[in-house]
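Heads up, the thing below is written out as structure tokens.
The values are calculated or read from the model by the stated rules, or taken from the named source; none is laboratory data. This structure is a prediction, so every number in the text was calculated from the model and none was measured. Using ideal geometry, Cβ is built from the backbone for each residue, glycine included, and neighbour counts are taken over all protein chains shown. We work out accessible area using only protein heavy atoms, side chains counted, and drop any ligands, DNA or RNA first. Shrake-Rupley method; radii C 1.70, N 1.55, O 1.52, S 1.80 Å.
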Amino acid sequence: MPIENQPLEASSPLPEPTRPLSRKRRAQGPEVEPPGPQRLRMDSTISIDSAISSAASTSIPMSIEPQRNDLRQLPQPQQSATPSTSLEPTPSQRIDTIAQQSLPLPSPLPASNMPVVPPSTNVLSLHTATHTPPPSPQISAATTTWPTPVSVSSSASSSVPPPVPPAVTAAKNAILEALRSESDLAPLITTHGRQNFAHAVRLIFKEGLGTNLKHCLRDELRNLTRDTRAYFQGNYPHSILNNEGIATILNYLRSRQTRTGGPLMTMPCRSLHNYDCINAIEHAITQEESSPQTFIVTNRPPSPASLDIDASNTHRTPLLLLPMGNKRFRLLITDSVPGKYNEGLREDLNNLKIRLEQSGHTLEILFFAEQRQADYTNCPIFSLHDVVRFNTNRVRLQSLIEQVNPDTPVVLPLGFLIPTQLLATVNRYIETHRENVPFTENAITRFRNRFERALEGAPMLKLNRFIDRNMDRYEGIIWEHLLTTAAPTSQEATDITIPDLNNLANDRAAQYLNVMANDKAVTFLAQLPTERAATILANPNISRDVRVTILDVLMNNPSTIETAKTIFAHPNFTLVASRDILGRISLEKAIILADAALALFSKRLLFCNMAPNRAASILTALGTTKTIDILRTLIAYSADRAAPIIKVLSQSSVLEL
């Protein structure tokens, strides 16, 4: 999404975004790109504010995207350190220089509190050596819920990360080697196992990969997973997380722990479109819910004449709803680009305030006024960061919000500024609110140290890379989720044993039934308890044809007819699945299954919405007594739905009775 403040360069122009190359094109050698449009350079004699003003008056194509610097390549053997004679400034010197160009800093911090990087130290190697990301937990192929490993979030870190399993390390090395040699990745799933392969992919994104190789990896992963448009919108580097992607990350964050061992997410959070979010807020207030709630809302553009959701608008905004007592609520908005892309949201909130006043409720809206985002795509990452901060700073925020006037911008703790991409914003915020309670000298010192660490890996740029690295980490989490929930290959279905299949979650077992041989699927279902067999066979992940085929095979074998009848009559075998089976299986078998199911009173409703001729044929075969009982049940439930069946039966002797 375009925004006003373009990220400025410290000394040299940023490289233009690199397009992914096909295998054939990569084999021909590097592609020579034409020179990109002229970009704004930083001048050592002007301030950042004046440079931003100059940028605003300069015609810059809005399609230009700040390129993620391709500083981290594939892992290579560690080289011996060679003293450097370069006079290139260190990250600390670079940050100090930029800060002096923007706004005067507060009182100088003691040298002992500031990290010092010798000029001869290679900053990239220092970053790799001192900030090795902790490995991620394995996600079971049998479930889509996340385990509860050690936290790696910005608010909760572990001092001793668990070691990476050797099988995952081997899978990671194999993936990297396949990318170097331009080989297919699909065989590696069978070789190393889907779970280890998915974990390795997540680890690669977390540790960093060169831009071109990252493009190649994405292309391979898209071929191995289902459609990703529900998770990502657009193509890198202009991709943005969609609601499914945000929901996946929220599900992951709920499994994390804080440094004290408690849950990281203590408040519910939902990712909703504009109007769904307004309805959820209105429901929470009118029901006078006593617990805080958080939301990530997809904004709509201002359109007074239309209430349709504009799916093309993808800007996300985090919200915190706090009950204050006596039917009074406060809503905190911490938009990363305040006031520019949430006009539609503000219109709807103002209308909501008027409606709530009529019912005696009060909604006061507070906002955080600092613009922290300077790119086009990372508003969902800012929103996720703020939601985590809402949870980890819950008590402190409650106290701050209680003391703020609704029309006054909220002064939030410094942790909310960690992902800020423009250093000038950080310096201005600290200087403006220096006397406020949240900003003690120790807090400022810790914040500056942490902010400098967020800049490591890109020491020549003024832009903070914290959000970019979080996006890479979250992308790896989403790819792991997609890989572990993707349909198994035919080879995986052939190799899996019945005990292993029995250990899978119902959703995953249903996916295996879609691709395995019928005799193996029947053997598997026959060995399961009736309750689980009915749940798996009615699972929406199973295709309709596979479900019909399996039940047909069970009905053809005299030794498994009772198994089929028991599964069909079980309450876990849903009405939707039952109705579909009776409409697609042979009439003779449909009569047998229906007769077995009607012992359960709720199963009588399976004739609702069934084709009238088919329902009438089955009912006629069941006999007069059963037909009359079923018709009475259908009429009591819905006379309109029973009428078509009665009309077909009007020529039979059943209705005469």
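Residues are listed down the side, and each one gets a yes or a no for (1) aromatic (Phe, Trp, Tyr); (2) buried (at least 20 other Cβ atoms within 10 Å of the Cβ); (3) assigned to a helix (DSSP H, G or I); (4) within 29 Å of the chain's Cα centre (by Cα):
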residue	(1), (2), (3), (4)
ILE477	no, yes, yes, yes
THR484	no, yes, yes, yes
ARG508	no, yes, yes, yes
GLN511	no, yes, yes, yes
LEU528	no, no, no, no
VAL546	no, no, yes, no
THR549	no, no, yes, no
ASP552	no, no, yes, no
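Suppose we filter ALA596, ALA636, ALA615, ALA643 for residues that are of a type in the set (A, V, I, L, M) and either outside any helix (DSSP H, G or I) or closer than 22 Å to THR566 by Cβ (or both); which single one remains?
After applying the criteria, what remains is ALA596.
From the residues in the stretch 264-299 that are assigned to a loop (DSSP other than H, G, I, E, B) and hydroxyl-bearing (Ser, Thr, Tyr), which one is farthest from the chain's Cα centre (by Cα)?
Residue satisfying both the conditions and the ranking: SER290.
Exactly one of these conditions fails for ASN609: (1) in contact (Cβ under 8 Å) with a residue 40 or more places away in the chain; (2) open to solvent by 60 Å² or more (accessible area, probe 1.4 Å); (3) not aromatic (Phe, Trp, Tyr). Give me its number.
(1)
Look at the stretch 581-594 and say how many of its residues are within 21 Å of ARG641 (Cβ to Cβ) and either under 40 Å from the mean Cα position of the chain (by Cα) or open to solvent by 50 Å² or more (accessible area, probe 1.4 Å) (or both).
Result for the stretch 581-594: 4.
Looking at SER602, is it under 45 Å from the mean Cα position of the chain (by Cα), under 23 Å from ARG584 (Cβ atoms) and either open to solvent by 30 Å² or more (accessible area, probe 1.4 Å) or among the charged types (D, E, K, R) (or both)?
Yes: the conditions hold for SER602.
Search the stretch 270-299 for residues that are under 11 Å from LEU345 (Cβ atoms) and pair each with any residue that is open to solvent by 40 Å² or more (accessible area, probe 1.4 Å) and part of a strand (DSSP E or B) when their beta-carbon atoms are under 7 Å apart and the residues are at least 6 apart or on different chains.
Note: pairs meeting the criteria are PHE295/ARG270; THR298/HIS273.
Give all pairs with beta carbons closer than 7 Å in which a residue from the stretch 612-625 that is surrounded by fewer than 16 Cβ atoms within 10 Å (Cβ to Cβ) meets a residue that is modelled with pLDDT under 85 and part of a loop (DSSP other than H, G, I, E, B); count only pairs at least 6 apart in sequence or on separate chains.
Note: pairs meeting the criteria are THR624/LEU657.
Taking ALA424 as meeting all but one of (1) modelled with pLDDT of 90 or more; (2) crowded, with 21+ Cβ neighbours inside 10 Å, write down the number of the exception.
(1)
Since ASN350 meets every condition but one in (1) open to solvent by 20 Å² or more (accessible area, probe 1.4 Å); (2) modelled with pLDDT of 90 or more; (3) assigned to a loop (DSSP other than H, G, I, E, B); (4) not hydroxyl-bearing (Ser, Thr, Tyr), which condition does it not meet?
With (1) open to solvent by 20 Å² or more (accessible area, probe 1.4 Å); (2) modelled with pLDDT of 90 or more; (3) assigned to a loop (DSSP other than H, G, I, E, B); (4) not hydroxyl-bearing (Ser, Thr, Tyr) applied to ASN350, the lone miss is (3).
If a residue has to be in a helix (DSSP H, G or I) and open to solvent by less than 20 Å² (accessible area, probe 1.4 Å) to count, how many in the stretch 207-230 make the cut?
The total comes to 7.
Take the residues in the stretch 234-263 that are in a strand (DSSP E or B) and touching a Ser or Thr at 6+ places or on another chain (Cβ under 6 Å), then tell me which one is most open to solvent (accessible area, probe 1.4 Å).
For the stretch 234-263, the residue satisfying everything is GLN257.
Residues being modelled with pLDDT of 90 or more and surrounded by fewer than 18 Cβ atoms within 10 Å (Cβ to Cβ): count how many of those fall in the stretch 327-347.
Looking only at that region, the number is 2.
Which of the numbered conditions does PRO571 fail, given that it passes all the others? Conditions: (1) open to solvent by less than 50 Å² (accessible area, probe 1.4 Å); (2) assigned to a loop (DSSP other than H, G, I, E, B).
Result: PRO571 passes all but (1).
If ARG641 passes every condition in (1) surrounded by fewer than 17 Cβ atoms within 10 Å (Cβ to Cβ); (2) of a type in the set (Lys, Arg); (3) modelled with pLDDT of 85 or more but one, which one does it miss?
(3)
Right, ARG604: part of a helix (DSSP H, G or I) and free of Cβ contacts under 8 Å to residues at least 12 places away in the same chain or not?
No, not satisfied.
Return the residues of the stretch 605-650 that are over 45 Å from the mean Cα position of the chain (by Cα) and of a type in the set (S, T, N, Q); say none if nothing qualifies.
Selection gives ASN613, SER617, THR620, THR624, THR625, THR627, SER650.
Being of a type in the set (Val, Ile, Thr) and surrounded by fewer than 19 Cβ atoms within 10 Å (Cβ to Cβ) is the filter; apply it to the stretch 163-188 and report the residue that is farthest from GLU492 (Cα to Cα).
VAL164
Show the residue pairs meeting these rules: Cβ distance below 6 Å; 6+ apart or different chains; first residue within the stretch 356-375 and free of Cβ contacts under 8 Å to residues at least 60 places away in the same chain and outside any strand (DSSP E or B); second residue buried (at least 17 other Cβ atoms within 10 Å of the Cβ) and aliphatic (A, V, I, L, M).
Pairs found: PHE368/VAL410; PHE368/LEU412.
Please specify each residue of the stretch 196-205 satisfying the condition of being open to solvent by 20 Å² or more (accessible area, probe 1.4 Å) and either within 19 Å of the chain's Cα centre (by Cα) or without any contact (Cβ under 8 Å) to a residue 40 or more places away in the chain (or both).
Listed by number, the list is empty, since nothing qualifies.
Limited to the stretch 407-421, what total is found for residues that are open to solvent by 40 Å² or more (accessible area, probe 1.4 Å) and not polar (S, T, N, Q)?
2
Of the residues ILE430, ILE444, ILE381, which is in a helix (DSSP H, G or I) and within 30 Å of PHE232 (Cα to Cα)?
ILE381
Output the residues belonging to the stretch 486-504 that are open to solvent by 30 Å² or more (accessible area, probe 1.4 Å) and either in contact (Cβ under 8 Å) with a residue 60 or more places away in the chain or in a helix (DSSP H, G or I) (or both).
Hits for the stretch 486-504 are ALA487, THR489, SER490, GLN491, THR494, ASP495, ILE498, PRO499, ASP500, ASN502, ASN503.
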